[in-house]
Amino acid sequence: MDKSLLKLLPYTKPYKSHIIWNVVYNVLYALFSTISMLTLLPVLEVLFGKTKAVLAKPVYTGIGDIKQFGTDYMYFQISSLTKDNSIQVALLFVVLMVITTFLLKNLFNYLASHHIMHLKNGVLRDLRKSMYNKIIELPISYYSEKRKGDIMARMLGDVNEVQNSFFSILELVVKEPLTIIFALATMFIISTKLTLFVLIFMPISGWIISKLAKNLRAKSLEAQKESGFLISIVDETLGGLKVIKSYNAEPNFKNRFDDSVTRLLNLTNSIGSRNNLATPLSEFLGVTTIAVLLFYGGNLVLIEKTLDGSAFIVYLTLAFNILTPAKAISKASYSVKNGLAAAERVFEVLEVENEITSKENAIVKNTFESDITIKNINFKYEDENVLKDFSLQVKKGQTVALVGQSGSGKSTIANLLTRFYDVNEGTITIDGTNIQDMNLQSLRGLMGLVTQDSILFNDTIKANISIGKLDATDDEIVEALKIANAYEFVNELPKGIHTNIGDSGNKLSGGQKQRLSIARAVLKNPPIMILDEATSALDTESEKFVQVALENMMQNRTSIVIAHRLSTIQKADTIIVMQKGKIVEQGNHDELIALNGMYNKLVNLQSFE
Ligand SMILES: Nc1ncnc2c1ncn2[C@@H]1O[C@H](COP(=O)(O)OP(=O)(O)OP(=O)(O)O)[C@@H](O)[C@H]1O
Ligand SMILES: [Mg+2]
């Protein structure tokens, strides 16, 4: 069995009863679709006035005589009806039989689809849930390599594709084959000779169709990859619209998009034309079979006289009835191939190992008592060490500031403390406990992070701030906003804290966004604050606002501040000056000024500005 198919099996488990019912109803459906065809026989017999009088109830003698018994029984029923009543009643009776069997057939068909719908939609929901859980659980590092659009395409497109096409497999293995088997068995009973004849044609058309389906899967994988790329372009375009417009880069982006859409067009056309070929081809092959049948069967009826005319008509309808499921099978085998390709891409994401998790029996630590110690750590994102043999201790209640050139590894320290990445060598401990031995949630619970780029969601101010404390009251939110020096501007907004701030908070100014990020950390009220100050130059006015916010926030807390505006950190207990992943100077503001080294140079540069 295909690997992706096996992996999907656990997802169907909660819907086992639906599968069982689907199979049961499909068996009934298949049975009744043959029976309903058979009920045409007495109608034809009555119409052509060919009913024989059978007055004694026939006796069933075994499967070998089922044909004789069946016809005799039918004649017996019709005879006993016409004995007391007119032929009209007999006609009415047989027609009612037709209606009843067709009604049952369609009822079972409906019930079967009803259950498969629950299975399909249920699995779709569960797959989406697992996908989202995985997406949210995977470490930050996973996304620096992957395109967001690719993940989105898998989450939305491929999961849908699995639902749409993959579950035709159930129909493929139960409904259609059974319909064919029942019909074929009946056909054998009506005429063995003719049926053997049909059977020769079936494998030939099957072979032609499977030839066509062969390279479909590779193509559809390629197409799904391309649509991932397409979504990436749209995603990046929307995110970078200001840059694209101001640099007049529209043509460049349009070209990229055009290329991708055209590649997708070619791929989908080539997949589509194979798909399109499936139906007409199988129908044509089917009709050819029927035509040959007509000729051969006609001979049996007219010349050899070994086959009854009305039986032949019923036989033909049965044969034609096989065509529909045969067509469905060939079509479904195409869509299953699509579904398998999509499932492969979905499971590729679902199976990514998350390296950054809590260990078993991880230590849950809800308080911070004494110190954070970074000891001889080495860390690299790719090839080159970004932090080299780096050590630092932060005592409870202290404010430690990290300064240094861009790219010296300051944000990286924040990434390591929060375990967005794990160190390659060395240890980071909190109160002597290695953070890798701590429960991840409790570790992050101890920390408030204000990232370098304010990350805000398209929601109200309240929702954005209370993300770490969902049950916060409006008063608490206002309090946090006040500490973050943001209440003044929020209060002036028409709906106050219930104002929507737009996509990524774009209805706000840079400084306002920063202060909301700070308010968010303040509301969470963790013992350790990690503050990655935004690099974007603020005007002196808003800089002052942010400055006050930071000072308020750091009060009575242990803080690690990554500062670009040195004015922010003059009161810090320790200032660490970094260069290329190493500490070059360390001390408080006055000590470092007196040292007249790197820090002094940086301060002079900034005051000059
Ligand atoms: N996800 C990543 N993958 C690969 N390399 C990275 C990644 N993030 C950062 N780097 C590299 O690591 C180095 C340190 O980056 P870091 O973000 O820590 O600098 P920084 O000191 O915060 O700089 P800035 O002051 O500009 O914010 C840089 O050379 C950068 O190119
Ligand atoms: Mg940084």
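The values are calculated or read from the model by the stated rules, or taken from the named source; none is laboratory data. Everything numeric here is computed off the predicted structure, so don't read it as measured data. Neighbour counts are summed over all protein chains in view; Cβ atoms, including those assigned to glycine, are modelled from backbone coordinates with ideal geometry. Side chains are part of the model used for accessible areas, which takes the heavy atoms of the whole protein and leaves out ligands, DNA and RNA. Shrake-Rupley method; radii C 1.70, N 1.55, O 1.52, S 1.80 Å.
See the values below:
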item	result
Index of the failed condition, residue 449 passing every other in (1) open to solvent by less than 30 Å² (accessible area, probe 1.4 Å); (2) within 16 Å of ligand 1 (Cβ to nearest atom); (3) not polar (S, T, N, Q)	(1)
Residue 526, sole failed condition from (1) within 30 Å of the chain's Cα centre (by Cα); (2) under 30 Å from residue 407 (Cβ atoms); (3) part of a loop (DSSP other than H, G, I, E, B)	(1)
Candidate set from the stretch 129-155 (those that are of a type in the set (A, V, I, L, M, F, W, C) and over 18 Å from residue 353 (Cβ atoms)); member that is nearest to the chain's Cα centre (by Cα)	155
The stretch 357-384 - residue that is within 16 Å of ligand 1 (Cβ to nearest atom) and surrounded by fewer than 17 Cβ atoms within 10 Å (Cβ to Cβ) and, of those, nearest to residue 423 (Cα to Cα)	378
Cβ pairs under 9 Å, 6+ apart, first in the stretch 578-599 and more than 25 Å from residue 378 (Cβ to Cβ) and part of a helix (DSSP H, G or I), second open to solvent by 60 Å² or more (accessible area, probe 1.4 Å) and modelled with pLDDT of 90 or more	592/586
Enumeration of residues in the stretch 396-427 that are over 38 Å from the mean Cα position of the chain (by Cα), part of a loop (DSSP other than H, G, I, E, B) and more than 13 Å from ligand 2 (Cβ to nearest atom)	396, 397, 398
Breaking point among (1) without any contact (Cβ under 8 Å) to a residue 60 or more places away in the chain; (2) open to solvent by 30 Å² or more (accessible area, probe 1.4 Å); (3) closer than 19 Å to residue 165 by Cβ, for residue 274	(1)
Flag for residue 17 being of a type in the set (Ser, Thr, Tyr) and open to solvent by less than 60 Å² (accessible area, probe 1.4 Å)	no
Looking only at the stretch 524-546, and only at residues there that are open to solvent by less than 10 Å² (accessible area, probe 1.4 Å) and modelled with pLDDT of 90 or more, the one that is farthest from ligand 1 (Cβ to nearest atom)	526
Residue check for residue 560: at pLDDT 80 or above, closer than 21 Å to residue 455 by Cα and assigned to a strand (DSSP E or B)	yes
Residue list for the stretch 167-203, restricted to those being at pLDDT 80 or above and acidic (Asp, Glu)	176
Cβ-Cβ under 7 Å pairs, at least 6 apart or on other chains, the stretch 357-371 side in contact (Cβ under 8 Å) with a residue 12 or more places away in the chain and of a type in the set (A, V, I, L, M), far side in a loop (DSSP other than H, G, I, E, B) and surrounded by 10 or more Cβ atoms within 10 Å (Cβ to Cβ)	362/439; 363/439; 364/439
Those residues of the stretch 145-186 which are small (Gly, Ala, Ser), closer than 21 Å to residue 5 by Cβ and open to solvent by less than 30 Å² (accessible area, probe 1.4 Å), in sequence order	165, 168
Any hit, the stretch 67-82, residues being among the charged types (D, E, K, R) and under 30 Å from residue 354 (Cα atoms)	no
Number of the exception - residue 137 against (1) crowded, with 16+ Cβ neighbours inside 10 Å; (2) farther than 30 Å from residue 46 by Cβ; (3) of a type in the set (D, E, K, R)	(1)
Positions within the stretch 542-556 being out of contact with any Asp or Glu (no Cβ under 8 Å at 6 or more places or on another chain) and free of Cβ contacts under 8 Å to residues at least 40 places away in the same chain, in sequence order	542, 543, 544, 547, 551, 555
Single match in 388, 395, 410 (criterion: open to solvent by 50 Å² or more (accessible area, probe 1.4 Å), under 19 Å from residue 528 (Cα atoms) and at pLDDT 90 or above)	395
Those residues of the stretch 53-76 which are free of Cβ contacts under 8 Å to residues at least 24 places away in the same chain, open to solvent by 60 Å² or more (accessible area, probe 1.4 Å) and not β-branched (Val, Ile, Thr), in sequence order	56, 57, 60, 64, 65, 68, 73
All positions within the stretch 474-498 that are touching a helix residue (DSSP H, G or I) at 6+ places or on another chain (Cβ under 7 Å), buried (at least 16 other Cβ atoms within 10 Å of the Cβ) and without any contact (Cβ under 8 Å) to a residue 60 or more places away in the chain	476, 477, 478, 480, 481, 487, 489, 490, 496, 497
Subset of the stretch 6-49 (residues that are more than 29 Å from the chain's Cα centre (by Cα), among the aromatic types (Phe, Trp, Tyr) and within 24 Å of residue 325 (Cα to Cα))	25, 29, 32
Condition check for residue 103: surrounded by fewer than 17 Cβ atoms within 10 Å (Cβ to Cβ) and assigned by TED's automatic domain parsing to the domain that holds residue 308	yes
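Okay, residues lined up against (1) in contact with a Phe, Trp or Tyr (Cβ under 7 Å, 6 or more places away or on another chain); (2) of a type in the set (A, V, I, L, M); (3) within 16 Å of ligand 2 (Cβ to nearest atom):
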| position | (1), (2), (3) |
| --- | --- |
| 547 | no, no, no |
| 551 | no, no, no |
| 560 | no, yes, yes |
| 567 | no, no, no |
| 573 | no, no, no |
| 580 | no, no, yes |
| 588 | no, no, no |
| 597 | no, no, no |
